[in-house]
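A short write-up of the structure that comes next.
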Amino acid sequence: SLMFFSFFLSVVFLSSVAANYEEFLALIGCNNREKRFITIEDGVLHYNPDEHSYTAIGNFLTRYYNARGFAKVLSICFKSSPSEGHGFLDYMPSEVCDTNVAQTCDNVDMIEPSRSYPCVANVTVLQDLCSHINWDHPHENHGFWVYMLEEMKTEIKEAVSQYVADTNTAILSYSSNSAVIYSRCVHGDSLFGHGMYGPTSFSIYDNLANSTYDTIHYIIYNNGISCKDIHIATRKRLRQILPGVKVTTHTFQDHYRAFAHLVLAPNVLIPETSTFGLMAGLGNDRLMITPKLWPWKLTFSHPNVLWSDATVVNRDFVMYHLAGDQSIKTTLEYLETH
């Protein structure tokens, strides 16, 4: 609830070089964060991802903002290792200090009176969050990244815009009366290979029925031959809903460029779910239409989210509702009728 989020944002810690953060966090069961390259030294949270971490933009950004959120909740400074050669990610803030401090503390002395630990506003809440968080994939639960939504709205777009300007990256000429639809359809990944993400049933496009868009930019990333029929059917449905609309198709192999098109679009509809689409949508403060899927449910504070009851046809849905039939024909029949 909003009340819970507002409450938790007030759960902050006093920054103190003398305080032993590592020992304290381990003591309360929050010692598994090292899985995602986080250490705390001299009152500063250091985030040092390895090279492999940059290969998936969506996952990288959720881990990056999870580390940022952790520092924010601890009320200590954040510092990440420099990024080079990773597109717009090189432009993300590498040093941030957001050190609003709590006025009251829990009785930390009850834990270990002989040690110098940080002043904690609510130990129980921190323990609960740390016990449930998936540090490898923080988007799978609340995580600390949820408390960075306001920063995401500005920082992601600023980083993308600077990257595009500095590298002269070609971006489509958008009009204010156009929208972007993103399709990530890759067999074995978003198509039949993921338990959370997958193609979205075509009823999501019904939300466009009363719109006045004259152009739909249909962006395909890393297209596979198995998705050809889905792309054809999608464009057909769009023309049925919006007679006279111009649907243009663009295929990108460069994921930084594809991401930039979503962030800079005048209006965004993201029919296929992924952390790639989630982070791009959060970096764009325009209209975003999305199914009611975790972790999208955590982003209710996005100013222009339009929720859809469309179904995400992921691997698990196919297994339990389509009798495990992983044929394009069966999947397409479901997408077109729901």
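The values are calculated or read from the model by the stated rules, or taken from the named source; none is laboratory data. All values reported here derive from a predicted model rather than from experimental measurement. For neighbour counting, all protein chains shown are included, and Cβ atoms are generated from backbone atoms with ideal geometry for every residue, glycine included. Side chains included, ligands, DNA and RNA excluded: accessible areas come from the protein's heavy atoms. Shrake-Rupley method; radii C 1.70, N 1.55, O 1.52, S 1.80 Å.
What are the ³J(HN,Hα) couplings of the range 153-165, residue after residue, when phi is run through the Karplus curve with 6.51, -1.76, 1.60 and θ = phi - 60°? Round to Hz, x for glycine and proline.
Each residue's phi maps through the Karplus curve to give 4, 9, 5, 5, 5, 5, 5, 5, 4, 5, 4, 4, 5 Hz.
Give the accessible area for GLU22 in Å² (nearest 10); use a 1.4 Å probe, count only protein heavy atoms, and leave out ligands, DNA and RNA.
50
Past 29 Å, Cα to Cα: identify those pairs from LYS79/LYS157; LYS157/LYS228; LYS292/LYS329, in the order given.
LYS157/LYS228
Please report, in cubic angstrom per residue, the volume enclosed by the convex hull of the alpha-carbon atoms of the range 131-193.
In the range 131-193, the Cα convex hull volume per residue is 178 Å³.
Please compute the contact order of the range 132-201 in relative form: average sequence separation of alpha-carbon pairs under 8 Å and at least six residues apart, divided by the residue count, as a percent.
11
Using θ = phi - 60° and the Karplus curve 6.51 cos²θ - 1.76 cosθ + 1.60, what whole-Hz ³J(HN,Hα) does each residue of the range 83-94 get, with Gly and Pro shown as x?
Couplings: 9, 9, x, 10, x, 5, 5, 5, 9, 6, x, 9 Hz.
Could you give the nm distance between label points at ASP229 and LYS292, where each point is 7 Å from its Cα heading toward the beta carbon?
Inter-label distance under the simple model: 3.1 nm.
Kindly report, to the nearest 10 Å², the accessible surface of HIS86 as traced by a 1.4 Å probe over protein heavy atoms only.
10
So if I place +1 on the C-beta of Lys and Arg and -1 on the C-beta of Asp and Glu, and nothing else carries charge, what would the dipole magnitude of the range 207-262 be about its Cα centre? I want it in debye, nearest 20.
I would put it at about 160 debye.
If you restrict to DSSP beta bridges whose two residues both lie in the range 185-338, what percentage is antiparallel, to the nearest 5?
Here the antiparallel bridges make up roughly 5 percent for the range 185-338.
Using modelled backbone amide H atoms (1.01 Å from N, in-plane), which distant-in-sequence or interchain residues come within less than 5 Å of CYS77's amide H?
Hits under the 5 Å cutoff: LEU45.
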